[in-house]
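Novice: Provided herewith is a single structure, encoded as structure tokens, for subsequent inquiry.
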Amino acid sequence: MFERRMWRNLDYYFIGGIIALLAVGLLVLKSASANVMADPNFFVKKQFIWILLGLGGMACVLMVDYDQLKRYQLPLYALNILMLAAVALVGHEAKGAQRWIDLKFFLLQPSEFAKTITVITLACLLDKRQGGLNRWQDLLVPFLYVAVPLVLILKQPDLGTALVLLAILFGMLYVGGANLKLLLLIFGGGLLLVGLALFAHFHFGLPLPLQDYQMRRLVVFLNPYNDGKGGMGEGYHVIQSQIAIGSGGWWGVGLYQGSQVQLNFLPEHHTDFIFSVVGEELGFVRTVGIIALYFLTLYRMVRIAGQAKDMFGSLLVSGVASLFAFHILVNIGMTTGIMPVAGIPLPLFSYGGSAMLANMLALGLVLNVNLRRQKILF
């Protein structure tokens, strides 16, 4: 529990940024999903329910001192692996992927919760290894620790979420005191290996653990029209997204007025490509304002991590910050065409019950650390 004076610790700029993003996100989702179902408010009502459940989850997270999470490292890690393994055994398949578990009243996507659980369990692991992350041998255990859920997620297949876990790993290792030169060497070596593997695949037929559509996305993102179908294949999403964002101009065409969205030219515009709706209907100026809200939220997370009373708290917040930063960067990058389409949603905007609930619980962790910081700052 907590004392009443601890409420003064809370970062109300951070809370305000979250509330603003949720409010604008609902407004944009209402427009984006107006012509998807017979009920124009179907997705908005469901998203609002998930937000309320997420707020309740945040309140529950705040009630318990985050330090108590260390006691549940192994049970949480086991739960994570069991949920991901269950997807492979009894998972619900849709759009060529098996990522969900049908609970009758809703589809649970364990990979979304895997991100938050990975942040918690990895923070527990790295907290025990303070000062012992200077050699490559020291990094072997954290990499193997994350590799197990990562491989299970890749088998769904879900390359985007697997990359999120890597972003969390590198971000938390850096905050945990790992040798920066060694991290950069591993990162650069990894990019080189990926490049060589792709070269060998396309020139010598080397098999890779990726689906055909994932390979095509990697090929066409530099030129979406080079998809073998004149832009009507794997490049279609990016082309329509760029048209939508470009047509928004400075101030946008207005909510419910975007032709790419309302006429359903833009695929997945209420989920992964909702940022394209922002660009078309709200325009460049307001889009920059929304990005500024995200930047404010991330900046306050960094500040909260710096004010944490211990390394465990800093690791928790840095993990959530890495998660959100990667999601925001890649989602905006793929909708504008400067990154391959990876199926990564925009936090607090894209429709999705599991994603919304998992994100709210992760933000609750940040507020938990913020609430229990050692020194009250005015």
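The values are calculated or read from the model by the stated rules, or taken from the named source; none is laboratory data. This one's a predicted model, so the numbers in the text were calculated from it and none came from an experiment. In this analysis, Cβ positions are derived from the backbone assuming ideal geometry, glycine residues included, and neighbour counts consider all displayed protein chains. Side chains are part of the model used for accessible areas, which takes the heavy atoms of the whole protein and leaves out ligands, DNA and RNA. Shrake-Rupley method; radii C 1.70, N 1.55, O 1.52, S 1.80 Å.
Novice: Out of all the residues in the stretch 284-304, which are open to solvent by 20 Å² or more (accessible area, probe 1.4 Å) and either of a type in the set (Gly, Ala, Ser) or within 22 Å of residue 114 (Cβ to Cβ) (or both)?
Specialist: As a first pass, look at the stretch 284-304 and keep what is open to solvent by 20 Å² or more (accessible area, probe 1.4 Å): 284-286, 288-289, 291-293, 295-296, 298-300, 302-303.
Answer for the stretch 284-304, where residues must be open to solvent by 20 Å² or more (accessible area, probe 1.4 Å) and either of a type in the set (Gly, Ala, Ser) or within 22 Å of residue 114 (Cβ to Cβ) (or both): 289, 292, 298.
Novice: Pairs only if they're at least six apart or on different chains, beta carbon under 6 angstrom, first in the stretch 238-250 and within 13 Å of residue 284 (Cβ to Cβ), second in a helix (DSSP H, G or I) and among the aromatic types (Phe, Trp, Tyr); list them, first residue then second.
Specialist: So the pair list comes out as 250/284.
Novice: Just to check your reading of the model, which residue among 49, 19 is open to solvent by 40 Å² or more (accessible area, probe 1.4 Å), farther than 28 Å from residue 150 by Cβ, in contact with a Gly (Cβ under 9 Å, 6 or more places away or on another chain) and in a helix (DSSP H, G or I)?
Specialist: Details: 19 fails: in contact with a Gly (Cβ under 9 Å, 6 or more places away or on another chain).
Criteria check complete, one pass: 49.
Novice: Which residues, taken from the stretch 81-98, are touching a Leu at 6+ places or on another chain (Cβ under 9 Å) and either part of a helix (DSSP H, G or I) or within 18 Å of residue 358 (Cβ to Cβ) (or both)?
Specialist: Of all residues in the stretch 81-98, those touching a Leu at 6+ places or on another chain (Cβ under 9 Å) come to 81, 83-85, 87-88, 92, 94.
Across the stretch 81-98, the qualifying residues are 81, 83, 84, 85, 87, 88, 92.
Novice: Now a separate question. Please identify the pairs in which a residue from the stretch 205-232 that is of a type outside the set (Phe, Trp, Tyr) and open to solvent by 60 Å² or more (accessible area, probe 1.4 Å) has its Cβ atom under 9 Å from the Cβ atom of a residue that is at pLDDT below 70 and not in a helix (DSSP H, G or I), counting only partners at least 6 apart or on another chain.
Specialist: The qualifying pairs are 211/96; 216/227; 216/228; 219/227.
Novice: Across the stretch 42-71, what is the number of residues that are in contact (Cβ under 8 Å) with a residue 24 or more places away in the chain, of a type outside the set (D, E, K, R) and over 29 Å from residue 23 (Cα atoms)?
Specialist: 1
Novice: What number of residues within the stretch 154-175 satisfy the criterion of being over 20 Å from residue 328 (Cα atoms), open to solvent by less than 50 Å² (accessible area, probe 1.4 Å) and modelled with pLDDT under 95?
Specialist: Residues that pass the stated criteria total 2.
Novice: Please verify whether the stretch 79-93 includes one or more residues that are within 30 Å of residue 27 (Cβ to Cβ) and open to solvent by less than 40 Å² (accessible area, probe 1.4 Å).
Specialist: No: the stretch 79-93 contains no residue that is within 30 Å of residue 27 (Cβ to Cβ) and open to solvent by less than 40 Å² (accessible area, probe 1.4 Å).
Novice: Restricting to the stretch 129-164, count the residues that are under 27 Å from residue 87 (Cα atoms), assigned to a helix (DSSP H, G or I) and of a type in the set (S, T, N, Q).
Specialist: Here the count works out to 1.
Novice: Here's a follow-up. In a helix (DSSP H, G or I) and buried (at least 17 other Cβ atoms within 10 Å of the Cβ): is that true of residue 54 in this structure? It would help to see each step written out before you state the result.
Specialist: Details: in a helix (DSSP H, G or I): yes; buried (at least 17 other Cβ atoms within 10 Å of the Cβ): yes.
It is true that residue 54 is in a helix (DSSP H, G or I) and buried (at least 17 other Cβ atoms within 10 Å of the Cβ).
Novice: Could you list, in sequence order, the residues of the stretch 142-189 that are within 21 Å of the chain's Cα centre (by Cα) and of a type in the set (Lys, Arg)?
Specialist: 155
Novice: Please count how many residues of the stretch 314-358 are without any contact (Cβ under 8 Å) to a residue 12 or more places away in the chain and open to solvent by less than 10 Å² (accessible area, probe 1.4 Å).
Specialist: Residues meeting the conditions: 1.
Novice: Being closer than 28 Å to residue 311 by Cα and β-branched (Val, Ile, Thr) is the requirement here; does residue 146 meet it? Outline the logic, then answer.
Specialist: Numbers: closer than 28 Å to residue 311 by Cα: yes; β-branched (Val, Ile, Thr): yes.
Spelling it out, residue 146 is indeed closer than 28 Å to residue 311 by Cα and β-branched (Val, Ile, Thr).
Novice: List every residue pair whose Cβ atoms lie under 7 Å apart, where the two residues are 6 or more positions apart in sequence or sit on different chains, the first residue falls within the stretch 150-173 and is among the aromatic types (Phe, Trp, Tyr), and the second residue, located anywhere, is open to solvent by 50 Å² or more (accessible area, probe 1.4 Å).
Specialist: 170/187
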